[in-house]
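The values are calculated or read from the model by the stated rules, or taken from the named source; none is laboratory data. Quick caveat, the model's predicted, so the values are computed rather than measured. With ideal geometry, Cβ positions are generated from the backbone for all residues, glycine too; neighbour counts draw on all protein chains shown.
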Amino acid sequence: MHMASTWRPAVAGLGLVIACGFTARAEDWPQFLGPQRNAVAPAVGLARSWPAAGPQCLWSAPLGAGFGGPAVADGKVYVLDREGEAKDIVRCLGLADGKEIWSWSYEAAGKFSYPGSRSTPTLDDQALYVVGPLGHVHRIDRATRQPTWSKHLIDDFGGKRPNWAISQSPIVVGDRVILAPQSPTAGVVAFEKVSGKKVWSSPPLGAMSYCSPVLARIGDVDQVVQISDKGTVSGIALDDGRILWQFKGWTCNIPIASPVVIDDGRLFISGEYGAGSVMIKVSADNGTFTATEVFRTQECMSQIHQPLLYKDHIYANSNGNKARDGFVCLDLKGALKWKTGDTPNYERGSVLLADGLIFAVNGRDGTLAIIEPVPTEFRLLASAKVLKGGQAWAPMAVVGGRLLVRDQQHLRCFDVAAKAP
C-alpha cells in the first residue's frame, strides 16, 4: 500500500548533515546511533582480537536502571539517567575517567514497566536536547548547564504515552530540532533549536511508536522518515512538514527499531511480534513520491536495534520475545546468507559497526563480541563477558578507540583500540 503526494522542494540546500553546525571532532558520537544515525562509527584503528578476559575496562560509572545510550563530544559523555519514579537526571561525565563533571535534574514523577531512561541526548555546539520517558523535552545549554526552553510531547500535543514510555531521540538539522509527538494533532514537529518556537507540524501519522525519526534524501528532497504505531512508515518534508508519502503494507504491533536508509530511495524496516522485515523503495517523479514493496522476509526480526548496512548486506540481531534467530545476514534482495540461531545468540543486545567490525552485546549475559561482517559465514573474532547482563539493551557508542556500553547498573568504557606491535 502507498500514498503519493505532489510536492516541489523549496529548499534543496539543506543536505543531510545531521546535527548541522556541530563542529566537534569527526570521531565524536553526537546523537542516537552516531554521527549519521545508522549505528556506524567513523572510528579506525580498532583491535580485531582481545585477551581471554576481554578488552580493558578503563572506567565504570554507576547509573540507575535504564536503556538510554551515551552521546559524546569534546571529551565529555552525556547520558540520561532516572532516579526511581521521581526525576530524570542529565549527567555529564569525562570521557577520560568517567567522573561526573555536572548533572541537572527535573521532577518527572511516574511509573512504567522496565523503569529508567530510554533516549540518547542529541548534541550541537551550544546545547544538548533530551527527551525523557514521560515526554519532557529540554534544551540544555552546554556552557551554563541549565535549560533554555522546555516542551512536553504529550501535554503540548494531546497524544498518549506508549505503554513502555517514550523512547525517541531528537534530530538536530540546521537551525531546527525534530521530534515526533505522533498525536491526533501532530505527527512530526520542527522547532527552532535556539528559541524553541514551533516552525511546523505535520498532519497526524498515527499513535506514538518507540521509533526515533531518521533523515533521508530521496529524489533530491531531504525528509524525515518516521514509523508510527502499528507500522505505518511516512516521509515528511523537512522544510514544511508536508506528508510526501506513506507505506502501510507492513504491520508491527510494537515498532521499535529505526528504518535503515540504504540508497536510491530504499529503506529496510524490521520488527518483532511476527512482523518480520520489509524493503521498500520510494520513487520520486517530478515531485510525486510513491512507496512500493521490494521484498519482505520472516528471516529477520530485529525487535529493538536498527540493523546494520555493510557492503550491500544487512546484518542484524534478530531476536525478541519469540524470535531466536541469533545474528543474521541478508543480501539486499532479501536472500538469507546465514543465521546463528542459539550458537551464539545475542538476545536483545545492541550492535554497532566500526572500522569494518561489528560490536555486539548479548543483552542477557553481558558478553561483548567482535564479528567480522562477511556474507559467506558468521565469523566471530573475539568474545568476552564484560557486563553483568540482564536487559543490557542500551545502544553503544565508540569514540577514539573507546567503546561505551551500558547495563542496568553502570556505564562502562572499554579500550578497543589496536595496540602497537
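Take the conditions in contact with a Phe, Trp or Tyr (Cβ under 6 Å, 6 or more places away or on another chain), farther than 26 Å from S277 by Cα and crowded, with 23+ Cβ neighbours inside 10 Å and apply them to L403. Does it pass? So L403 fits the description; yes.
Evaluation of Q223 against the conditions (1) among the polar types (S, T, N, Q); (2) outside any strand (DSSP E or B); (3) without any contact (Cβ under 8 Å) to a residue 60 or more places away in the chain shows that the sole unmet condition is (2). Scanning the stretch 42-56 for residues that are buried (at least 16 other Cβ atoms within 10 Å of the Cβ) and either of a type outside the set (A, V, I, L, M) or touching an Asp or Glu at 6+ places or on another chain (Cβ under 8 Å) (or both) yields P42, A43, L46, W50, G54, P55. Working only within the stretch 76-111, note down all residues that are in a loop (DSSP other than H, G, I, E, B), among the aliphatic types (A, V, I, L, M) and within 19 Å of C57 (Cβ to Cβ). Of everything in the stretch 76-111, those that are in a loop (DSSP other than H, G, I, E, B), among the aliphatic types (A, V, I, L, M) and within 19 Å of C57 (Cβ to Cβ) turn out to be L95, A96. Hey, does the stretch 259-272 have a residue that's within 20 Å of V137 (Cα to Cα) and of a type in the set (A, V, I, L, M, F, W, C)? The answer is no, given that none of the residues of the stretch 259-272 is within 20 Å of V137 (Cα to Cα) and of a type in the set (A, V, I, L, M, F, W, C).
For (1) modelled with pLDDT of 95 or more; (2) closer than 25 Å to I304 by Cα; (3) hydrophobic (A, V, I, L, M, F, W, C), each residue gets a yes or a no:
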| position | (1), (2), (3) |
| --- | --- |
| D141 | yes, no, no |
| Q146 | yes, no, no |
| I166 | yes, yes, yes |
| V172 | yes, yes, yes |
| Q182 | yes, yes, no |
| V194 | yes, no, yes |
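Where strands (runs of 3 or more DSSP E) fall entirely within the stretch 263-303, those with at least 1 residues that are modelled with pLDDT of 95 or more, surrounded by fewer than 16 Cβ atoms within 10 Å (Cβ to Cβ) and hydroxyl-bearing (S, T, Y) are at 288-297.
Could you list, in sequence order, the residues of the stretch 185-221 that are surrounded by 23 or more Cβ atoms within 10 Å (Cβ to Cβ) and charged (D, E, K, R)? Scanning the stretch 185-221 gives a single hit, K193. Pairs are defined by a Cβ separation below 7 Å, a sequence spacing of at least 6 or placement on different chains, a first member in the stretch 256-271 that is farther than 14 Å from Y310 by Cα, and a second member that is among the basic types (K, R); the pairs so defined are G265/K281; R266/K281. Restrict the check to the stretch 156-164 and report whether at least one residue is over 18 Å from the mean Cα position of the chain (by Cα), modelled with pLDDT of 95 or more and farther than 25 Å from A257 by Cα. Yes, the conditions are met somewhere in the stretch 156-164.
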